[in-house]
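J.: Sending over a structure as structure tokens; questions will come in a sec.
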Amino acid sequence: MVRVRFAPSPTGPLHMGGVRTALFNYLFARKHQGTMILRIEDTDQGRFVPGAEEYIMESLEWCGIQIDEGIREGGKSEPYRQSDRKEIYKQYADQLLENGWAYYSFDSAEDLDAIRKDYESRKETFSYDTQTRTSLRNSLTLPADEVNRLLNSGVNYVVRFRMPENHEIVMQDIIRGEVRVNTSTIDDKVLFKSDGMPTYHLANVVDDHLMEISHVIRGEEWLPSLPLHVMLYKAFGWTDTMPQFAHLPLILKPSGNGKLSKRDGDKLGFPVFPINWNNQETNEIYSGYREAGYFNDAFVNILALLGWNDGTDKEIYSMDELIQAFSLERVGKSGSRFDPEKAKWFNHQYMLLKSDEEIAEEFIKNHKVPAFAGMTGALVTQAEAGARLAVNESGTKAKGSRFRGNDSVTAVTGFEWERVVKIISLVKERAEFVKDIWSQAWFFFEAPTTYDETTIKKRWTPEIPSILKDISALLLPLSPPVIPAKAGPGLRRGDKCSCHSREGGNLLAAEYETLIKGHITSHNLNMGNVMNILRLCLVGSSVGPGVFDIMALLGPAEVIARIDRAVQTIG
RNA sequence: GGCCCGUUCGUCUAGGGGUUAGGACGUCAGAUUUUCAUUCUGGUAGCAGGGGUUCGAUUCCCCUACGGGCUACCA
């Protein structure tokens, strides 16, 4: 029975390395139909940061990492917050004290600091270990009655692990294989602090045992304390149920030195956090992948491939595919530098993978944009549009107009929705993020008012106005006599006017192409020049999707209006 | 400093005693196009160094170098 835990400390936001650790735990749990536990390790009361717990849970939720047992979910090993388990640890410390695996230490933090300084001045490093403990104030050196007197006097003390001397510990790590360490190189770690709280080491081992954790999957920064933990299992007599260990390689900064850390914040030019973190003390906001515009599934995909691969060339994985393919054995040994460029590429791939409708929803949610050139109002989501339309259908205020100016309620019909979807289909391949789409597609929603000087200089020859006039004349018969807002006889609210009958409400792009290209050819005009000029009129510059696609979406009336305006403005 | 872990293109990585060392991002070039992108095709670039073991090492072992982690009454 696989039981794994993600055990963050609520000392601030989770960074992407932490999220990856959570992800690997989750993938492993799901792969083996096991249980995913979220345990909050808040034994350092001094470093507790308000809001951190909520942040952690929200982050995991956004990533689609589901928790089976935790502070919010409950479970058979409750409670899941270590500060709520405080009473449990004392008895285990006592157990070690009784069987001789631990001892009381009365040296104050100040005393030890002074000793450390002294060692440093001699360019040595102090370590509370088998060598030095014989000359320090602890229950190993002090007479029994003195120890009792001190304990009863209420003086501060800690409980330390009594590390045996010159004993070879052989450990197995799923990722690293066999690791050997001699106990003589390890110090006597504090297990129980003077404030009555356990340290990470004690709480971690006790809880993993009590919660019947089968696999401890955590960052490599914990590898140096694995020998201690293994010795603790031995000291408690829990060797036969000791979990298996897997120490994940670290995520490194893209450039420079060191592992990625919370303090990197936004300094690196990309987020290090999954979602925005609002530092309440400094009032600073650190950006997260969610708010930076990353899709949650793309973010998970990026993280999964940082230090793991399934041995194939496959790079795009859904969560289900990750669960299927995941194994700890295929996690690499070496740390990986995070590459923000590739992260963007991943997001672009997900953009392409998602349906136009899905992106349109997201786009509308993020951008309250004007509905259509010449028509005031706001785009709303499909659901909202449906609701509003229903209000209009039954309400008395519906005046037969689909767009009601600056009224508080703006009905948007399916026609507008379809138009946005169509626009998305044209521009999504040009965008890495949904937030890029507006800059790629704004001209579908508002007419340009300025025109790119370089293009004018290059292509706006004296005969251009008359050429454009001819093209306008060509399109005029296609233009409806009235715009939908002033629907004439036979055109009622909700109707689509004839010119909007196809392709999201217009002539097909191909039909414009036939028409205009035919005109250009028959009049011996310069194709490149005319096309670029048309684009300039419609978009204001020389970028964007195909001119005929743009025309098809704008409709003849709007195309003519934009041409007129450009001629008027540029002259 | 001590202890531990690691090292394949700039980056993420596959591979593994005999391979033209494979893929992806980036980058460069070409193609397509009415523009900008996208897309497609192609190019660029790598086994840290030195010793072994071996008929043969990038692959196994050792050393060195480099990188990383830990070295708190923090996790």
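The values are calculated or read from the model by the stated rules, or taken from the named source; none is laboratory data. Since this is a predicted model, take the numbers as computed values, not measurements. Please note: Cβ atoms are built from the backbone with ideal geometry, for glycine as well, and neighbour counts cover all protein chains shown. We work out accessible area using only protein heavy atoms, side chains counted, and drop any ligands, DNA or RNA first. Shrake-Rupley method; radii C 1.70, N 1.55, O 1.52, S 1.80 Å.
J.: Taking the stretch A:521-537, which residues are more than 8 Å from RNA strand B (Cβ to nearest atom) and closer than 14 Å to A:Arg459 by Cβ? So that I can check it myself, show each step before the final result.
T.: Going residue by residue through the stretch A:521-537, those that are more than 8 Å from RNA strand B (Cβ to nearest atom) are A:521-526, A:529-530, A:533, A:536-537.
If the condition is that a residue be more than 8 Å from RNA strand B (Cβ to nearest atom) and closer than 14 Å to A:Arg459 by Cβ, then A:Leu525, A:Asn526, A:Asn529, A:Val530, A:Ile533, A:Leu536, A:Cys537 are the ones that fit.
J.: Of everything in the stretch A:266-286 that's more than 30 Å from A:Arg3 (Cα to Cα) and within 16 Å of RNA strand B (Cβ to nearest atom), which residue is surrounded by the most Cβ atoms within 10 Å (Cβ to Cβ)?
T.: That would be A:Phe270.
J.: Which one of the conditions (1) assigned to a loop (DSSP other than H, G, I, E, B); (2) touching a Pro at 6+ places or on another chain (Cβ under 7 Å); (3) at pLDDT 50 or above does A:Ala447 fail to meet, given that it meets all the rest?
T.: A:Ala447 satisfies all of (1) assigned to a loop (DSSP other than H, G, I, E, B); (2) touching a Pro at 6+ places or on another chain (Cβ under 7 Å); (3) at pLDDT 50 or above except (2).
J.: Could you grab me the full set of residues in the stretch A:98-127 that are touching a residue at least 24 places away in the same chain (Cβ under 8 Å) and assigned to a loop (DSSP other than H, G, I, E, B)?
T.: Hits for the stretch A:98-127 are A:Asn99, A:Gly100, A:Trp101, A:Phe106, A:Asp107, A:Ser108, A:Ser127.
J.: Looking only at the stretch A:65-108, filter to residues that are among the acidic types (Asp, Glu), over 17 Å from A:Pro198 (Cβ atoms) and out of contact with any Gly (no Cβ under 8 Å at 6 or more places or on another chain); which one of those is least open to solvent (accessible area, probe 1.4 Å)?
T.: Keep residues of the stretch A:65-108 that are among the acidic types (Asp, Glu), which gives A:68-69, A:73, A:78, A:84, A:87, A:94, A:98, A:107.
Going one step further and asking which of them are over 17 Å from A:Pro198 (Cβ atoms), we end up with A:68-69, A:73, A:78, A:107.
Restricting the remaining residues to those that are out of contact with any Gly (no Cβ under 8 Å at 6 or more places or on another chain) gives A:73, A:78, A:107.
Values: A:Glu73: 77, A:Glu78: 120, A:Asp107: 21 Å².
Only one residue tops the list, namely A:Asp107.
J.: Could you grab me the full set of residues in the stretch A:1-25 that are part of a helix (DSSP H, G or I) and open to solvent by less than 10 Å² (accessible area, probe 1.4 Å)? Spell out the reasoning first.
T.: Residues of the stretch A:1-25 that are part of a helix (DSSP H, G or I), as a first pass: A:16-25.
If the condition is that a residue be part of a helix (DSSP H, G or I) and open to solvent by less than 10 Å² (accessible area, probe 1.4 Å), then A:Met16, A:Val19, A:Arg20, A:Ala22, A:Leu23, A:Phe24, A:Asn25 are the ones that fit.
J.: Another question, then. Looking at (1) away from RNA strand B (no atom under 12 Å from the Cβ); (2) open to solvent by 20 Å² or more (accessible area, probe 1.4 Å), which is the only condition A:Arg47 fails?
T.: The number of the failed condition is (1).
J.: Can you say whether A:Gln91 is within 27 Å of A:Pro164 (Cβ to Cβ) and among the polar types (S, T, N, Q), as far as the supplied structure shows?
T.: On the way: within 27 Å of A:Pro164 (Cβ to Cβ): yes; among the polar types (S, T, N, Q): yes.
It is true that A:Gln91 is within 27 Å of A:Pro164 (Cβ to Cβ) and among the polar types (S, T, N, Q).
J.: Still on this model: Return the total of residues in the stretch A:52-64 being farther than 19 Å from A:Pro79 by Cα and either in a loop (DSSP other than H, G, I, E, B) or of a type in the set (A, V, I, L, M, F, W, C) (or both). Walk me through it before giving the result.
T.: Looking only at the stretch A:52-64, we keep the residues that are farther than 19 Å from A:Pro79 by Cα, and these are A:55, A:58-64.
Adding the requirement that they be either in a loop (DSSP other than H, G, I, E, B) or of a type in the set (A, V, I, L, M, F, W, C) (or both) leaves A:60, A:62-64.
Counting residues in the stretch A:52-64 that are farther than 19 Å from A:Pro79 by Cα and either in a loop (DSSP other than H, G, I, E, B) or of a type in the set (A, V, I, L, M, F, W, C) (or both) gives 4.
J.: Quick one: count up the residues across the stretch A:133-147 that are in a helix (DSSP H, G or I) and open to solvent by 20 Å² or more (accessible area, probe 1.4 Å). Don't jump to the end; show me each part of the working.
T.: Step one: list which residues in the stretch A:133-147 are in a helix (DSSP H, G or I), which gives A:133-135, A:144-147.
Those left that are additionally open to solvent by 20 Å² or more (accessible area, probe 1.4 Å): A:133-135, A:144-146.
So the answer is 6.
For (1) basic (Lys, Arg); (2) within 19 Å of A:Ala22 (Cα to Cα); (3) in a helix (DSSP H, G or I), each residue gets a yes or a no:
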residue: A:Asn278; (1), (2), (3): no, no, no
residue: A:Ala298; (1), (2), (3): no, yes, yes
residue: A:Asn301; (1), (2), (3): no, yes, yes
residue: A:Asp313; (1), (2), (3): no, no, no
residue: A:Lys333; (1), (2), (3): yes, yes, no
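J.: Could you please let me know if A:Pro254 is surrounded by fewer than 19 Cβ atoms within 10 Å (Cβ to Cβ), within 9 Å of RNA strand B (Cβ to nearest atom) and outside any strand (DSSP E or B)? Break it down stepwise before answering.
T.: Working: surrounded by fewer than 19 Cβ atoms within 10 Å (Cβ to Cβ): yes; within 9 Å of RNA strand B (Cβ to nearest atom): yes; outside any strand (DSSP E or B): yes.
Yes: the conditions hold for A:Pro254.
J.: Quick one: A:Tyr289 ticks every box in (1) hydroxyl-bearing (Ser, Thr, Tyr); (2) surrounded by 20 or more Cβ atoms within 10 Å (Cβ to Cβ); (3) farther than 24 Å from A:Val49 by Cβ bar one, so which box is it?
T.: Condition not satisfied by A:Tyr289: (3).
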